[in-house]
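Undergrad: Here you go, one structure.
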Amino acid sequence: MDRPKGATLQVPLVILGLGGVGRALLRQVLDTRNAVARRAGLALRPVGLVDSQAALVNPDGLTDELLERALQVKAAGASLGDLAGSLPRAGLAIPPRAIVLDLTASLETRPLLHAALANGGGVVLANKLGLAGPYEEAKPLFDARRVRYEATVGAGLPVIATLRTLLNTGDPVTRVEGVLSGTLAYLAWQLEQNVAYSVAIVRARALGYTEPDPREDLGGRDVARKALIMARTAGWALEMEDLEIEALYPRAWSEMSVEEFLDQARALDQSYAMRVAEARARGEVLRYVAHVGRAGGTIGLAAVPKASSLGSLQGTANMIRVVTERYHQEPLVISGPGAGTEVTAAGVLGDIIDLARGDWQKESM
Ligand SMILES: NC(=O)c1ccc[n+]([C@@H]2O[C@H](COP(=O)([O-])OP(=O)(O)OC[C@H]3O[C@@H](n4cnc5c(N)ncnc54)[C@H](OP(=O)(O)O)[C@@H]3O)[C@@H](O)[C@H]2O)c1
């Protein structure tokens, strides 16, 4: 990779995952490296790219030409294994002091993350799975000083940074609540506009807001993972079982094909329309809300006043409200787009810079 001018500190990066977020991140690194060098004194240098099959590694830095080719290959849906010089993923060794970016949705990356920390490097996560698993397994990542994970909650919104600042300034968090899924925010907003449940799901899917199987969003587990990550950041050692999760489809429908499920969904139109009408009669609207506190939490469809901040959300917007000892009359509120590859990658890039200027630089020199 060409060296940006004026930078003093080389920051080796290994990118695990070159899907939507990984490619957006690599593009942002290439496009912003001169500005990052000027403003932060850091030379961001990709030394490894890894997908589910293969890896490209050069501890001295991958050339711009190879990085551009890798971006093209991955955008076309092919494997890094198609590029000359690649090696099987199993043969990957993390270069010393590298900051490893986990932009996959896999637990297989765990040994590489621990190897990076043991090697004097750092870890930046958009992948929620390791942080939201059993607490004993996740704890080392929460405890390590050279780990950042802003993009796991609210994409690029400064949720984790805000929680950390509150805690660092001696303001204990007492409750966190909010709308944490753009997909389910959209569904609730459509229901509010009298769009049938089954139609809203098909629309959200057509717009690319849902996973290919919408039940992955409707089941609420992804929201629960985000709630758990915020809770653990706040210092509460909660487990998934401490959260009561309302799925927006009957569990008995889990085994159906996607097509059968979408067809069957019409059977729920009337009951959701009734919940919307009952809420409206009280001046309320439905939102898919997560509430979490020290003892546990609830995640599900809740009626909130139409005139409230949660009630006035539109489209796919997320909102996180944090109640603390100081912010107890009015919560601290963070709101904006909570998904999308560009803003998620920007959250990752911000973490890389924060880590490289702080704990990574201090502890690994
Ligand atoms: N998209 C968003 O708006 C958003 C927002 C916040 C957080 N996130 C999180 O960010 C992560 C990435 O999301 P995405 O949308 O980019 O996902 P994606 O498009 O499905 O990409 C996942 C990437 O991970 C690679 N991969 C899978 N297993 C791997 C392994 N064991 N080792 C190395 N690479 C592996 C895949 O390889 P192949 O290319 O070979 O299949 C693929 O390149 C997810 O955890 C997601 O939850 C996403």
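Undergrad: Which of Phe142, Phe261 has the fewest other C-beta atoms within 10 Å, and how do the rest follow up to the most? Present the calculation step by step, with values, prior to reporting the outcome.
TA: Working: Phe142 15, Phe261 19.
Going from sparsest to densest Cβ surroundings: Phe142, Phe261.
Undergrad: For Met240 and Gln53 in one chain, what is 0.36 nm times their gap in residues minus the Cα-Cα distance, to one decimal in nm? Before the final figure, lay out each step's value.
TA: Working: separation 187, 0.36 × 187 = 67.32 nm, distance 3.07 nm.
Extra length available between Met240 and Gln53 comes to 64.3 nm.
Undergrad: Now, a different point. Test of understanding: ordering His291, His328 by Cβ neighbours within 10 Å, fewest first, what list do you get? Intermediate values should be presented prior to the final figure.
TA: Details: His291 18, His328 11.
Result, fewest neighbours first: His328, His291.
Undergrad: Going by amide H atoms built from the backbone, whose H comes under 5 Å of the H on Arg148, apart from near neighbours?
TA: Counting only residues 5 or more places away or on other chains, the set is Val123, Val124, Leu125.
Undergrad: Using a Gaussian network for the chain with springs between C-alpha atoms less than 10 Å apart, which of these wobbles most: Glu65, Glu216, Glu278?
TA: Glu65
Undergrad: Given a cut-off of under 8 Å on Cα pairs at least six residues apart, what relative contact order in percent is computed for the chain?
TA: With pairs under 8 Å counted, the relative contact order is 20 percent.
Undergrad: At a Förster distance of 22 Å, what's the computed FRET efficiency of Thr8 paired with Ala144, Cβ-Cβ distance as r, to 0.05?
TA: Result of the calculation: an efficiency of 0.30.
Undergrad: To the nearest 20 debye, what charge dipole does the stretch 3-99 have about its Cα centre, counting +1 at the Cβ of each Lys and Arg and -1 at the Cβ of each Asp and Glu? Write out the running numbers ahead of the final one.
TA: Working: 12 positive and 7 negative charges, 84 e Å.
Around 400 debye, computed over the stretch 3-99.
Undergrad: Under the Karplus relation 6.51 cos²θ - 1.76 cosθ + 1.60, θ = phi - 60°, what is the ordered set of whole-Hz ³J(HN,Hα) values for the stretch 126-142, x standing for Gly and Pro?
TA: Ordered by residue, 3J(HN,Hα) equals 9, 6, 7, 4, x, 7, 9, x, x, 4, 4, 7, 7, 3, x, 6, 5 Hz.
Undergrad: Cα centroid distance between the stretch 123-189 and the stretch 41-73, in Å?
TA: 28 Å
Undergrad: Please state, as a whole number in µm²/s, the translational diffusion coefficient that the Stokes-Einstein equation yields for the stretch 89-171 at 10 °C and 1.306 mPa s, with Rh defined as the Kirkwood radius across alpha carbon pairs.
TA: Numbers: Rh = 13.5 Å.
Result for D is 118 µm²/s.
Undergrad: Which shape class, rounded, prolate or oblate, goes with the stretch 1-137 when its Cα gyration tensor gives a ≥ b ≥ c as root eigenvalues, a/c under 1.5 marks rounded, and past that a/b bigger than b/c marks prolate? Write down the numbers at each step before the final one.
TA: On the way: a/c = 1.62, a/b = 1.18, b/c = 1.37.
Taking the square roots of the gyration eigenvalues as a ≥ b ≥ c, the stretch 1-137 is oblate.
Undergrad: Here's a follow-up. Using a 10 angstrom cutoff on alpha carbons, build the Gaussian network for the chain and name the most mobile of Arg146, Arg97, Arg38.
TA: Answer for the Gaussian network model of the chain: Arg38.
Undergrad: Then there is this: Take every DSSP beta bridge whose two residues both sit in the chain, then give the antiparallel share in percent to the nearest 5.
TA: Details: 31 of 52 bridges.
Beta bridges within the chain, antiparallel portion: roughly 60 percent.
Undergrad: Rounded, prolate or oblate: which one fits the stretch 317-358, using the alpha carbon gyration tensor with axes a ≥ b ≥ c (rounded when a/c is under 1.5, else prolate when a/b beats b/c, else oblate)?
TA: Values: a/c = 5.73, a/b = 1.52, b/c = 3.77.
Oblate, because a/c is 1.5 or more while a/b does not exceed b/c.
Undergrad: Also, quick follow-up: Compute, for the chain, the length of the dipole vector about the Cα centre, with Cβ point charges of +1 (Lys, Arg) and -1 (Asp, Glu) only. Units Debye, rounded to 20. Walk me through the intermediate numbers first.
TA: Numbers: 39 positive and 41 negative charges, 213 e Å.
The dipole of the chain has a size of about 1020 debye.
Undergrad: Multiply the residue separation of Ala75 and Asn194 by 0.36 nm, subtract the distance between their alpha-carbon atoms, and state the gained length in nm to one decimal.
TA: Details: separation 119, 0.36 × 119 = 42.84 nm, distance 3.76 nm.
Contour length minus the Cα-Cα distance gives 39.1 nm.
Undergrad: Taking the simple approach of a point 7 Å from Cα along Cα-to-Cβ for both Arg251 and Thr63, what is their distance in nm?
TA: That separation, rounded to one decimal, is 5.6 nm.
Undergrad: Turning to a different aspect of this structure: Could you list Asp263, Asp359, Asp217 in order of exposure, starting from the residue whose Cβ has the fewest other Cβ atoms within 10 Å?
TA: Ranked by crowding around the Cβ, least crowded first: Asp263, Asp359, Asp217.
Undergrad: Return the distance in nm (one decimal) between the two label points of a simple spin-label model at Asp171 and Glu278, each offset 7 Å from Cα along Cα→Cβ.
TA: Each label point lies 7 Å from its Cα, and together they span 3.7 nm.
Undergrad: May I pose another question? Using just the helices of the chain, give the 222 nm mean residue ellipticity in deg cm²/dmol: DSSP H runs with n ≥ 4 each add -39,500 (n - 2.57), and the total is spread over all residues, rounded to 500. Could the numbers behind the result be given before it?
TA: Numbers: 13 runs with 142 residues, N = 365.
Per the formula, -12000 deg cm²/dmol.
Undergrad: Continuing with this model, one more query. Leu207 to Glu108: extension gain in nm, 0.36 nm per residue of separation minus the Cα-Cα distance? Walk me through the numbers before you get to the answer.
TA: Numbers: separation 99, 0.36 × 99 = 35.64 nm, distance 3.00 nm.
Full-extension gain reported as 32.6 nm.
Undergrad: Can you tell me how the chain classifies by the Cα gyration tensor, rounded, prolate or oblate, using a/c under 1.5 as the rounded cut? Can you show the working numbers first?
TA: Details: a/c = 2.10, a/b = 1.52, b/c = 1.38.
Here the chain falls in the prolate category.
Undergrad: For the stretch 301-314, take each phi angle, set θ = phi - 60°, evaluate the Karplus expression 6.51 cos²θ - 1.76 cosθ + 1.60, and give the result in whole Hz per residue in order, putting x for glycine and proline.
TA: Once rounded to whole Hz, the list reads 6, 10, 8, 10, x, 4, 7, 7, 5, 5, x, 8, 4, 10.
No lab work stands behind these numbers, since they all come straight from the coordinates. Only a predicted model underlies this, so the values are computations on that prediction, with no experimental measurement involved. Cβ coordinates were reconstructed from backbone atoms using ideal geometry, including for glycine residues, and neighbour counts include every protein chain displayed.
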